[in-house]
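Please treat every number below as a calculation from the coordinates, not as lab data. All values reported here derive from a predicted model rather than from experimental measurement. Cβ sites come from the backbone with ideal geometry, for glycine too, and all protein chains shown count toward neighbours.
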Amino acid sequence: MIACAEHFLPGNDAEPKPDDDVVSSLSKTLGVQAITTDDLGIASKDFGGLKFVKPLALVRPYTTDDVARVVRAAGRSPTLTVAARGNGHSINGQAMAEHGLVLDMRSMNELVQLVRINGAPYVDVSGGALWEDVLKRCVSEFGLAPRSWTDYLSLTVGGTLSYAGVSGQAFRYGPQTSNVTELEVVTGKGETIVCSKTQSPELFFAVLGGLGQFGIITRARIVLQEAPHTVRWIRVVYSEFEEFSSDAEWLVRREEGESCFDYVEGFVFVNSDDPSNGWPTLPLDPQQVFDPIHIPPSAGPVLYCLELALHYRHSDNPSRVDAVVDGLLGRLRFIKGLKFQVDMGYTEFLLRVKRDEEHAKINGVWDAPHPWLNLFVSKSNISEFDSEVFKKILKDGVHGPILVYPLLRNKWDSRQSVVVPESDIFYIVALLRFSPAPPKGPSPQLLVEQNRQILQLCLAKAFDFKLYFPHYHSRQDWINHFGNHQWSRFVERKTAFDPMAILAPGQKIFSRVP
Ligand code: FAD
């Protein structure tokens, strides 16, 4: 067992604090290795680029025991907190710990182990594993793959399971949290517990979607399926929101046994030739062209795209694949002439956002601030949301994807900590802003203000909605987020598993108990 701890150097004039003693004793018990200066900053920033918080130390745990020791050591101090940091792709400092200990979960020993239970395949992975590594290893070593994904895979298993983990497969298999059967967790009391639906179920359900409040996920057992070889990836365009949404809902409601796509997403884009918000963002391949001649004169300031994918194997007859696709597309009311399609490898499809990341890094927008807004909006309010938000507030786009697609509530387990709207169908709405940093782009504060305006509108109209990746400033806002019943449950779970409120201080829900 080895781990590294590194002080964020107090200035020469700083008085040593009792917490510094905790860190130096931790350094002795865990075994200290020097870490490079390049690594020092990762604990104080995240993908959002809106918040910078200095921890007391960055700890690199290699084993579950290391994690447990760190939590127990923090518990011996009256003030120390511990933030598990996955890949730091939060946007509001959720993986940070002001004057606390940040655990770099990616340093944990790699684990990708196939497990068969009654013949069914699962994979055991470490909480700090990146989903992209889980994908590559499962496909290349076992010919198998998880069923439910996020769009972008440089996220850790523990990081997405702390929220939900949503992409175009969630209508069918539920979010990633619905595709886990067992977890190993270090609670806020420093205990290591293996839990599942039947073994310590209260902890299992608490941790899934639990915003890191109840325990640190050190291992997860994920359901696998046979990996397809190829994917047909399709985009079709709509000018009318009602047609777009009713087609999307028809697709996600297909019954078991009926033909259906394996992936259903949707997004809004600007009805103009703007290169980062409009028509040019649609084609899937450089040879394809978006010809606006097909857009009906009745179209408004924004258009809608249904993004679909069908999996198949090399052994499938190509005419069967065409027949399934044509059969499904034939029922949809998209604008004929605005259909884009490519076939590509399954892994390549799942890693599609990695290519966008490379471009965004080159043009500087990856490292600029990202004031994103993610919401779940009830089906009953989505049409008004379209008229008020997409067509008005966001009519010029967000310099990045505006996702909107339906999810089925019955695929979400209400025993988990995540909260979603009441209705049977709700939409995920994600404003994935990629504006250049000022002075080339708008000030991030202006965009935060626009997010606030959207939330105010949802509140004023009493929409049935929830924030995904919630971020609030007051206790009352958290209570409103959960609703009275779920808030009581959340507090009971906190009392049971992290009574001193050591874990995930960056979520700003509970204060450390001395
Ligand atoms: P971090 O940001 O490091 O941590 C997030 C929270 O989880 C923190 O509170 C942290 O303390 C806690 N945590 C981290 N690891 C653990 C652990 N092992 N145990 C317990 N708690 C832990 N989300 C989707 O659902 N679908 C998407 O398609 C999607 N696409 C994205 C694309 C991009 C480019 C980005 C930047 C984000 C995207 N997200 C998406 C959001 C993403 O799921 C969350 O930001 C997630 O938290 C990122 O994981 P991370 O490993 O970086 O977690």
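Only a single item in (1) free of Cβ contacts under 8 Å to residues at least 40 places away in the same chain; (2) in contact with an Asp or Glu (Cβ under 9 Å, 6 or more places away or on another chain); (3) not small (Gly, Ala, Ser) is not met by residue 183, and it is number (2). Consider residue 277 carefully, then state whether it is farther than 20 Å from residue 433 by Cα and either exposed (fewer than 14 other Cβ atoms within 10 Å of the Cβ) or in contact with a Gly (Cβ under 6 Å, 6 or more places away or on another chain) (or both). Here the answer is no, as residue 277 does not meet what is asked. The condition of being farther than 23 Å from residue 97 by Cα, within 16 Å of the ligand (Cβ to nearest atom), in contact (Cβ under 8 Å) with a residue 12 or more places away in the chain and crowded, with 19+ Cβ neighbours inside 10 Å holds for only one of 503, 447, that being 447.
Candidates are the residues of segment 146-168 that are buried (at least 24 other Cβ atoms within 10 Å of the Cβ) and more than 9 Å from the ligand (Cβ to nearest atom); the one that is nearest to residue 353 (Cα to Cα) is 148. For segment 412-434, does any single residue satisfy the condition of being among the basic types (Lys, Arg) and not in a helix (DSSP H, G or I)? Yes, segment 412-434 contains a residue that is among the basic types (Lys, Arg) and not in a helix (DSSP H, G or I). Filtered by the rule that a residue be of a type in the set (A, V, I, L, M, F, W, C) and within 15 Å of residue 493 (Cβ to Cβ), segment 181-203 gives 183, 185, 193, 195, 203.
Of the residues contained in segment 200-215, none is found to be more than 24 Å from the chain's Cα centre (by Cα) and among the hydrophobic types (A, V, I, L, M, F, W, C).
Of the residues making up segment 95-151, those that are under 30 Å from residue 50 (Cα atoms), without any contact (Cβ under 8 Å) to a residue 40 or more places away in the chain and in contact with a strand residue (DSSP E or B) (Cβ under 8 Å, 6 or more places away or on another chain) number 3. Of all the listed residues (157, 166), the sole one being touching a residue at least 12 places away in the same chain (Cβ under 8 Å), out of contact with any helix residue (DSSP H, G or I) (no Cβ under 7 Å at 6 or more places or on another chain) and of a type in the set (A, V, I, L, M) is 166.
Among the candidates 306, 328, the residue that is more than 16 Å from the ligand (Cβ to nearest atom), in a strand (DSSP E or B) and surrounded by 18 or more Cβ atoms within 10 Å (Cβ to Cβ) is uniquely 306.
Among the residues making up segment 365-404, those that are in contact with a helix residue (DSSP H, G or I) (Cβ under 6 Å, 6 or more places away or on another chain) and assigned to a strand (DSSP E or B) are 373, 377. When the residues of segment 77-96 are filtered to those that are closer than 14 Å to residue 67 by Cβ and among the aliphatic types (A, V, I, L, M), the one that is farthest from the ligand (Cβ to nearest atom) is 82.
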